[in-house]
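The values are calculated or read from the model by the stated rules, or taken from the named source; none is laboratory data. Values in this document were obtained by computation on a predicted structure and should not be read as measured data. All Cβ positions, glycine included, derive from the backbone under ideal geometry; neighbour counts span all protein chains shown. We work out accessible area using only protein heavy atoms, side chains counted, and drop any ligands, DNA or RNA first. Shrake-Rupley method; radii C 1.70, N 1.55, O 1.52, S 1.80 Å.
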Amino acid sequence: MLENKTTWQFAEDVRAEQPYTIQGKQLSHITTQLFMQRGITTENEIEAFVHPTLEELGHASLLSMMDKAVERVHDAIAHEEHILIYGDYDADGVTSTAVLMKALEQVGAHCSYYIPNRFTEGYGPNKAAFQRAIDDGVKLIITVDCGINAVDETALAQEQGVDVIITDHHDVQDVLPEACAIIHPQLSDEYTFKGLAGVGVAFQFATEILQDFPMELLDFVAIGTIADLVPLHKDNRILVYHGLKQLNRTTHTGLQMLIQVCQIDGDIDEQDVGFSLGPRLNAVGRLQDARLAVELLLTADREEAERIAEEIEQLNNERKQIVDTILQEAIELIPNEEHDVIFVAKECWNEGVLGIVASHLVRKYERPAIVLAIHEDRGIMKGSARSIPAFHIFNYCMEIKDLFQGFGGHSQAAGMTIALEHAEEVQDKLNTSFRENVQPEDMKLVTDVHSTIEMDDISEQVIDEINMLAPFGMGNPKPLFHIEQIPTDVRQIGAMKNHLKMQMAQNGITLDLIAFQMGSLYWKISQKVPVSIVGELGINEWNGNRKLQIRVEDLKISEWQLFDFRGKQLSRIEQTFDPNRTEVFLYQDTTNDLQVPTHGYVATYAGLKEADIQSCDALYIMDLPGSEAELASIVRNLQPNNVYMCARIENSTYFSTYTSREDFKWVYGLLMKNSPVELKKIGSAIMGRKKWSQERMEFIFNVFLELEFVTISNGMISVQKQPTNRDLTESTTFANRIKKENIERTFYYSSYAELRSWFSSLLKRDDRVEGEATNEFERTC
């Protein structure tokens, strides 16, 4: 048995009477179901979703105060006023800045941009930055991806005769800035789609400033929208769909160089943006001033673009190293005892990456995590929080908002500043809220599963159909499918053996399964047991070959498992040890000089019968039992989920030369003819003639002696003249040998299927393992 890491939440099993069609082509029942689950039920709706057109995009003029904002911009251009674009340091903010800079430059504006420093200024407009801009002669400030909460900063500018236009998409608060104009989807009744990213709002503003649709800027829009994790519905889907097409033919030198350093081959898709381009643009603002990212997007000089792209690549690598270092330090700070909300803090931690670290901790420990950098000189700690679905971190923090110097966020993520003297109280109160509101079963992360499929459902055509639903992202996740099958092969791959590769085959269909960073599970998957997989369907192309593939997100094994480590070294067996489960190690005698595990419950067969242990996750049989009944009683009582047969035999009884009844009869007849005779002499003669070992000779003589067929005295062996007629099995020596042979035959020299069958008769579970088919993989450990 192997437990899944996340809770699998299956979508509603909706089915159509007939498969859907698109452009006269019938779709598979899998793709039909995907459309139904998204509420798309007609051919026209399918066509609009699969091939969204720019004509369906909400018109920019419908956004509130757009006319007034455009008029003010053109007035500034006419009077040659200095316009400042005030952006943000994340990927959405820098692409928003680039979009508006490009648009304003096209219409001849005198413009510049400003990105606040994450570490010294924080998010959004600040009075000092606004005042510096005003002192430098700026007459119009336009915010992008920020500003909706800049009430005081806007007032500062407006009071000095400097107009402020706010373009933003973040949540609107009770009090709005008294700006010249505010362009915000949530404040626009006529603009029906409310979920634009900051760059989407900036792009709509740009179209009205230009009085044209700037296709060449859609690549920026795609990057910012995907990176900001907004739902890819309606307008966002249209912008990203066409933005990705533009990105693949981009004329922006900076993007060309960034794509080059990312080593992206082939068509660029949403995953390339989400996992390569976006993180690199974000890395700049996480470690230093984000102006460098804007410079890359704006430059037309190839040499400069190449230099900046390389610098950003180095920053991204540095960011990864910093995250790894802080993550390890954070793990070391977590108490060994059971914890509720993880709360770790340390001096000198980089605030720009603490959200990433917190996310790693949430995935590892399946509970909320708060990671803070301590600023002893300022008496504060500042950082980020991430949470699990069952714990609304924003709401619970709002209940104690008076303990924060600064706080903001949403259900699963937050940023915060806490006075050092309040840190312990914040931790205690959040722990109390966690204990009172979250049950153990709520702590598992959730994986949404589209449906269960069979091998026969999978084909290149089906995968191509599924990809019609791209671009995938928030609100339109790439579907995950569940399949259960006995793997034909399981192996570790990668230089560090940290990835897992499996293969399944049925009815001529072969499916590769790749599980990244799950290489350790190799030691927890036994042979001939069905494995349940949840993952993404895809096609792996390599050297012109195309193979069906699933990228595994999670897996589990519902049945009990038997792991065959008979005769293997302890170093191989140790790979399977897991301190996080109940493990029992069973020996005949633990007083010998044995290598025993340092964790788990180590016991002898005799001692375990009296021990107070009623069940276990894993039973390691390190030595063979004295009898079948002895082991059967233990297995019946413990009902282990996993059985590891790890016994080794140094001197096998089963494979030592077998002594038949005819052999005993022949030796007895020889003794009768020569009795009495010198024991050593007759023994040597028999061994020389029969090529028998000393051990075998002693065994026969001991059996005769126990049955009182002979006597031995003063080195002479004599046959009893009138011995009692007794069977060989009445000899303890003979019976013990037969018993030991049977134990070895049953538990050591049996086939895997025979051994599993023996345990299955004792474990109260279904045994669905088939016979030893030649195409099923053999464990080579």
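Summary table below
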| read-out | value |
| --- | --- |
| Check: the stretch 65-106 dipole with +1 on Lys, Arg Cβ and -1 on Asp, Glu Cβ, in debye | 60 debye |
| Segment Thr452-Ile613, extension gain: residue separation times 0.36 nm, minus the distance between their alpha carbons | 54.2 nm |
| Hits among lysines - C-alpha to C-alpha of Lys364 under 16 Å, sequence gap 8 or more where chains match | Lys5, Lys444 |
| Label-point gap, in nm, between Lys320 and Asn117 - each point 7 angstrom along Cα→Cβ | 2.8 nm |
| Cα centre as origin, Lys/Arg/Asp/Glu Cβ charges: the stretch 416-480 dipole, Debye | 240 debye |
| Rounded accessible area of Arg636 (nearest 10 Å², 1.4 Å probe) | 130 Å² |
| Estimated FRET transfer efficiency (Gln569, Met496; beta-carbon r; R0 25 Å; 0.05) | 0.70 |
| Cross-link reach list, lysines versus Lys102, counting only Cα pairs under 28 Å and skipping chain neighbours closer than eight places | Lys68, Lys127, Lys139, Lys194, Lys234, Lys245 |
| Cα-based Kirkwood hydrodynamic radius, the stretch 702-755, one decimal, Å | 13.3 Å |
| Whole-Å semi-axes of the stretch 510-646's equivalent ellipsoid (Cα gyration tensor) | 37, 15, 13 |
| Arg491 - accessible surface, heavy atoms, 1.4 Å probe, Å² rounded to 10 | 120 Å² |
| Three semi-axes of the equivalent ellipsoid, the stretch 667-750, Cα gyration tensor, whole Å, largest first | 26, 17, 9 |
| DSSP beta bridges in the stretch 262-400 [antiparallel fraction, %, rounded to 5] | 55 percent |
| Isotropically averaged projected area of the stretch 312-417, using the convex hull of Cα atoms (one quarter of hull area), nm² | 7.3 nm² |
| Shape call, the stretch 451-534: gyration tensor on alpha carbons, a/c limit 1.5 | oblate |
| Sorted largest first, extent of the stretch 598-652 alpha carbons per principal axis (Å) | 33, 25, 18 |
| Of all DSSP beta bridges in the chain, antiparallel share, percent nearest 5 | 55 percent |
| Most positive-pole-ward Cα, Leu258, Ile223, Ala345, against dipole of the stretch 218-370 from beta carbon charges | Ile223 |
| Compactness index (Cα Rg / 2.2 N^0.38 Å), the stretch 283-325 | 1.20 |
| Which of Ser684, Ala290, Met622, positive extreme of dipole for the chain (C-beta unit charges) | Ser684 |
| Zone residues, the stretch 448-476, relative to Thr7, backbone N less than 14 Å from point 7 Å out along Cα-to-Cβ | 448-449 |
| Cβ-based charge dipole, the chain, positive-most Cα from Tyr241, Leu63, Trp8 | Trp8 |
| Overall Cα dimensions of the chain - principal axes, largest extent first, Å | 135, 68, 50 |
| Two-decimal ratio, the stretch 216-327, of alpha-carbon radius of gyration to 2.2 N^0.38 Å | 1.04 |
| Pair-distance profile P(r), taking every C-alpha pair of the stretch 251-317, with 5 angstrom steps and integer % | 4, 19, 32, 26, 16, 3, 0 |
| For the chain, size of Cβ-based charge dipole, Lys and Arg +1, Asp and Glu -1, in debye | 5140 debye |
| nm² value of the averaged projected area, convex hull over the Cα atoms of the stretch 121-269 | 10.5 nm² |
| Length gained when the stretch Met398-Ala735 is fully extended (0.36 nm per residue, less Cα-Cα span) | 113.7 nm |
| Approximate shape of the stretch 618-688 as ellipsoid semi-axes (Cα gyration tensor, √5λ), whole Å, largest first | 44, 13, 9 |
| Alpha carbon Rg of the stretch 580-727, scaled by the compact-globule rule 2.2 N^0.38 Å | 1.53 |
